[in-house]
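See below for the structure under consideration.
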Amino acid sequence: MRPFHYSRPSSLAEALIDMRDALAAEPNSSAAFLAGGTTQLDLMKLEVSRPDRLVDLNALRGEAGHIRWDGTSLRLGAFARMAEAADHPDVRARAPMIAQSLSLAASAQLRNMATLGGNVLQRTRCAYFRDTSWSACNKRVPGSGCAALDGVNRAHAVLGTSDHCIATYPGDFAQALLALDASVVIAGPGGGRTIPFARLHRAPGTTPHLETSLRPGEIIAEFIVPAGGWFRRSLYLKVRDRQSYEFAVASAAVALDLEGDTVREARVALGGVATVPWRAREAEALLRGRKLTEEAARAAAQAAFTEAAPHAHNAFKVELGQETLVRALLQLATMETPR
Amino acid sequence: MNQPLFPAPDVKPGQTPPRYEGRAKVTGEARYPSDVRLPRTAHAYLHTSRIGRGTIRSFDLAAARAVPGVIDILTHETIGDDPRHMPAIYQGGYISDSVRPLGSADIVYWGQPVAMVVAETFEAAREAARRIVVAYAPHPTLAADIRSADAVTQAVEPMTIDTGDFAAAYAAAPVRVDAGYTTPAQHQNPMELFATQCAWEGDRLTVHEPSQYVNNVRFGLAEQLGIDPGRIRVVSPYVGGAFGAKGFLTQRTALVAIAARRLGRPVKLVATREQGFTVSGYRAETRHRVQLAADRDGRLLALRQEGWELTSRADAVAMGAASMTARLYACPNISVRINTVAADRSTPGFMRAPGEMPYGFALETALDELAVALDMDPVELRRVNDTQTEPVAGLPYTSRSLMRCFDDAAARFGWKDRSREAGSMRDGDWLVGWGCATAFYPTYAGNSAARVRLSADGRVHVSSAGHELGQGMYTMMAQVAAEELGVPFDQVTASLGDTDLPPAIVAGGSSSTASVAPAIMAACEAIRRRLGVEGGSPAEVMPALQASGMWVVEEFAEVRAHGLPAESMASLYRGRATPAGGVHLADRVQFALGAQFVEVRIHARTREIRVPRAVGAFAAGRIINPRTAHGQLIGGMIWGISSAIHERSEIDHRNGSYINANLAEYLLPVNADIVDVEAMMVAEEDHQVNRAGVKGVGEIGVVGVAAAISNAVFHATGRRLRDLPIRLEDLM
């Protein structure tokens, strides 16, 4: 195995210093943070990730492992485990979509380990990214090409793709955060900042290796999810090849604020079909102010996929993604919401 | 004292004994071959080819050698003359494929071992194997799968069947079906990886390896290494799943033996999950064309099935199971053609119901299409064509209870409530479909031997070099000996999976019980004869022993299976015991039969396919242990569901690689996918098949499920899907 340095700082401040020092000593350092480890250790075994230093953040749970409702927002500590958030009464009652997105992901064992912050940073399952014997992967080796373009690409993205990368963003929780206009509290060596969740992930473009807007040495500390009229009437619908322990082929995170059967506000994010957590603003705009009929749902779903760019094996994802959104919208329309 | 977490079971007379080795397995006491720890063991790790066809130009081993702890690196340049070339089992050898490992610079499939590192630790061996740099010269063309233009199709002439005049009868018939079907490459993926440990003591070699045929490994390896087979012992007391993948010697074993000989210390190899995709054989992709013709009452007038099976360029492998599908129903005009399609892939092999699953899928789906064309209930179509005589040579079935299986399973399933029209059953947003199909598996048995020892304290020991794959071999052996000698089950101990024991047949072809139970019965009979109670009741045995003044009686027996010539017994002692039976007998045909019924639900919008319910009924002669048989049958049915809607080894056409060679991306059902699976055992007595009256249940459960699902999908949607696996995109 490849040797690496390991540290386990006891506070967020110490962790930031550890990483800052590592980066100062070696500007090209491949140092990485370790949270639940369900992605990082997996990729290290595959040698896709080869950090020279691991800064273990698992002692930070006391500082940033909280889940609470502060009267206007859900505040989710980045070091809370997926299972803790999925089972939390405030999350389940106030924003069912968030609880569903978490409990439909992975397996119970993984949800007990994986953190919320690590979850949104989960790397793609693209086989050509995960197998280093494929020399062409722009995400793994910038400028090397993309083996998936002409390869087996059933699982790949149809939205947000480029000629450089079509790898699907694999997570579920991120779609919920995106739909609900969450923001991300980031701690960094130069102080903290808060950004909209929508600005966390970067579409591949010409630089698929740059996946987020996090700067070197920064750590996600918290997600803040502001309440809205659509909070309770929300769901996460996940379509997949088996009933559990499987990534989405297509998913939809949808929240609606209805007045009678008319849409006052809609929030739509799509998963399994895009390179990044995908906000379908065109769909939302088409729904706003309209009665939620099958026709309206279908028009919104079509609008969400007008830019779709399928490849050899994933053309079905356009129709499937649309049907997933239609199904989610119509299911929400008839959902009973306790007030 | 503490209560043991898993107390030893207390079996009452008349109860079905539980799994003999169950407690050892759940407590971790059972030691699988890779669990055995030998002093001074060195660890091996394979480096496998990343191209599908071409040659190795050079190795750069400098970085690998620099890894601390590396002892040896074997390549074709350093390995020497061993192992010797051996033809594959299909061509008379002992081995699953004939491509000699590290044999030359030629690469003939992706995943081919090109180097093996041996190091002080597993971690160092893995690290060094990853540091090996191989410069390849890829061949300009590559045939990655059965559809490739560069693949070479060849007819398998001996598998041709022509009965009556198919062409004329088909042309003249009033109702016809003509359709093509495909099944994908699939891999067995046993939970236990492909492990081998080799230890030499002087010129004697012990091999610890999970195996379905320890004597095959022993004799094959002896030939590969040019040594006396008497010097090799193969030990395999537990196998963590095999499903055909551990049926025969693979090339890895000789590499480990050679490395251990070079180093003078034990060497252990555990091939990775990905390497397991090419270390042994797999279910090759197949294509089929089925033509059926019937009169308006559904009676078959003509049947033709042509199959194409992928194979490697090195070895021609064809399962050719149209020899069975052509004999399932009464039909006067039959034609069968089988072809191999050679591509740049590793040699395929056996996977649970190797030919029966794909050929059965094609025929049983075609029959459903015929039922639709006739507007006939598919169960009634099978009834109209039921027969006690196979139609090709006119030989009798030893027993055949197919329609009893259909009737019992249909009643249990509630088939009479089915509305026949496609798309007519719906539950809210879910389209509901019900489908059925015939399950069949040939009854095989082979020559086997066993030894039984009875002592006056009432203890019995039974031994035979059979194999425990999880199917219940220990349990069966102990149970048969207990019943034959009139002692309680818990007084019997059993040994198996060791070449030092009396030889038995390969644990394949669902033939273990049918082969070994008769040998145990014969040994027990010899004990009764020694005690002068031959032909008496088992209760007379112990009193007779106690009265005899002897303390121990021990008898050995070998049994020859029906249909095998006298000279075949020698092959049992050379690791070549082959199953006989099925459609290969001169006087009769032998089959276990069954009926599969499934319900599928398909979401009207997003098209997920679910199988909430499956009912199978099987008539397989005597069931020795209903508990372990039930496990085999529902396990098979679940795999049938998996074969229909989940599993496919995904091939990248640029290099012939499997890009989902891991248990995350190779889709298998999880518990949430499997809801209500019921296997019924239909009582059937068959005194002809073998002394035990056993037909075997290891494989039949998987057969027919995929067709039943495809037929149910048609019933739900009106869409006929002829290519497996059926996935949601096929229903968009």
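Results, tabulated for the structure shown:
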{"item": "Search result, residues across the stretch B:131-167 that are more than 32 Å from the chain's Cα centre (by Cα), within 14 Å of chain A (Cβ to nearest Cβ) and not basic (K, R)", "result": "B:I132, B:V133, B:V134, B:A135, B:Y136, B:P138"}
{"item": "Residue within the stretch A:167-178 that is out of contact with any Pro (no Cβ under 8 Å at 6 or more places or on another chain), away from chain B (no Cβ under 12 Å) and among the aromatic types (F, W, Y) present", "result": "yes"}
{"item": "Single residue of B:A683, B:A706, B:A679 found to be more than 14 Å from chain A (Cβ to nearest Cβ), buried (at least 20 other Cβ atoms within 10 Å of the Cβ) and either outside any helix (DSSP H, G or I) or at pLDDT below 95 (or both)", "result": "B:A679"}
{"item": "Boolean, A:A274 is crowded, with 24+ Cβ neighbours inside 10 Å, more than 20 Å from A:G160 (Cα to Cα) and more than 14 Å from chain B (Cβ to nearest Cβ)", "result": "no"}
{"item": "Complete set of residues in the stretch B:259-276 that are over 26 Å from the mean Cα position of the chain (by Cα) and surrounded by fewer than 24 Cβ atoms within 10 Å (Cβ to Cβ)", "result": "B:R261, B:R262, B:L263, B:G264, B:R265, B:P266"}
{"item": "Those strands (runs of 3 or more DSSP E) lying entirely in the stretch B:17-92 with at least 3 residues under 26 Å from the mean Cα position of the chain (by Cα) and modelled with pLDDT of 95 or more", "result": "none"}
{"item": "Number of positions in the stretch A:277-314 that are out of contact with any Lys or Arg (no Cβ under 7 Å at 6 or more places or on another chain), part of a loop (DSSP other than H, G, I, E, B) and either in contact (Cβ under 8 Å) with a residue 40 or more places away in the chain or surrounded by fewer than 15 Cβ atoms within 10 Å (Cβ to Cβ) (or both)", "result": "13"}
{"item": "Scan of the stretch B:98-118 for residues that are in contact with a Ser or Thr (Cβ under 7 Å, 6 or more places away or on another chain) and part of a strand (DSSP E or B), ordered by number", "result": "B:D106, B:I107, B:P113, B:V114, B:A115"}
{"item": "Filter result (within 12 Å of chain A (Cβ to nearest Cβ) and in contact with a Leu (Cβ under 8 Å, 6 or more places away or on another chain)) within the stretch B:107-130", "result": "B:A129"}
{"item": "B:H603 being in contact with a Pro (Cβ under 7 Å, 6 or more places away or on another chain), at pLDDT 95 or above and within 9 Å of chain A (Cβ to nearest Cβ)", "result": "no"}
{"item": "Residue check, A:E246 within 14 Å of another protein chain (Cβ to nearest Cβ) and either closer than 29 Å to A:G65 by Cβ or acidic (D, E) (or both)", "result": "yes"}
{"item": "From B:L255, B:L249, B:L205, B:L225, residue being buried (at least 21 other Cβ atoms within 10 Å of the Cβ) and more than 26 Å from the chain's Cα centre (by Cα)", "result": "B:L205"}
{"item": "Test: B:R126 is in contact (Cβ under 8 Å) with a residue 24 or more places away in the chain and of a type in the set (K, R)", "result": "yes"}
{"item": "A:A148 being under 26 Å from B:L728 (Cα atoms), within 14 Å of another protein chain (Cβ to nearest Cβ) and touching a Gly at 6+ places or on another chain (Cβ under 9 Å)", "result": "no"}
{"item": "Flag for B:L633 being in a helix (DSSP H, G or I), more than 14 Å from chain A (Cβ to nearest Cβ) and buried (at least 24 other Cβ atoms within 10 Å of the Cβ)", "result": "yes"}
{"item": "Test: residue in the stretch B:556-571 that is under 30 Å from B:A30 (Cβ atoms), surrounded by fewer than 18 Cβ atoms within 10 Å (Cβ to Cβ) and touching a Pro at 6+ places or on another chain (Cβ under 7 Å)", "result": "yes"}
{"item": "Single residue of B:A322, B:A284 found to be in contact with a Phe, Trp or Tyr (Cβ under 7 Å, 6 or more places away or on another chain), buried (at least 24 other Cβ atoms within 10 Å of the Cβ) and touching a residue at least 60 places away in the same chain (Cβ under 8 Å)", "result": "B:A322"}
{"item": "Residue, surrounded by the fewest Cβ atoms within 10 Å (Cβ to Cβ), within the stretch B:636-664, restricted to residues that are of a type in the set (A, V, I, L, M, F, W, C) and in contact with a strand residue (DSSP E or B) (Cβ under 7 Å, 6 or more places away or on another chain)", "result": "B:I638"}
{"item": "Qualifying residue in the stretch A:307-315 (condition: more than 14 Å from every other protein chain (Cβ to nearest Cβ) and either out of contact with any helix residue (DSSP H, G or I) (no Cβ under 6 Å at 6 or more places or on another chain) or closer than 18 Å to B:D429 by Cα (or both))", "result": "yes"}
{"item": "Set B:V177, B:V217, B:V256, B:V234: member being out of contact with any helix residue (DSSP H, G or I) (no Cβ under 7 Å at 6 or more places or on another chain) and β-branched (V, I, T)", "result": "B:V256"}
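The values are calculated or read from the model by the stated rules, or taken from the named source; none is laboratory data. Predicted model only: the values in this text are computed from it and were never measured. FYI the Cβ positions are ideal-geometry reconstructions off the backbone, even for glycines, and counts take in every protein chain you see.
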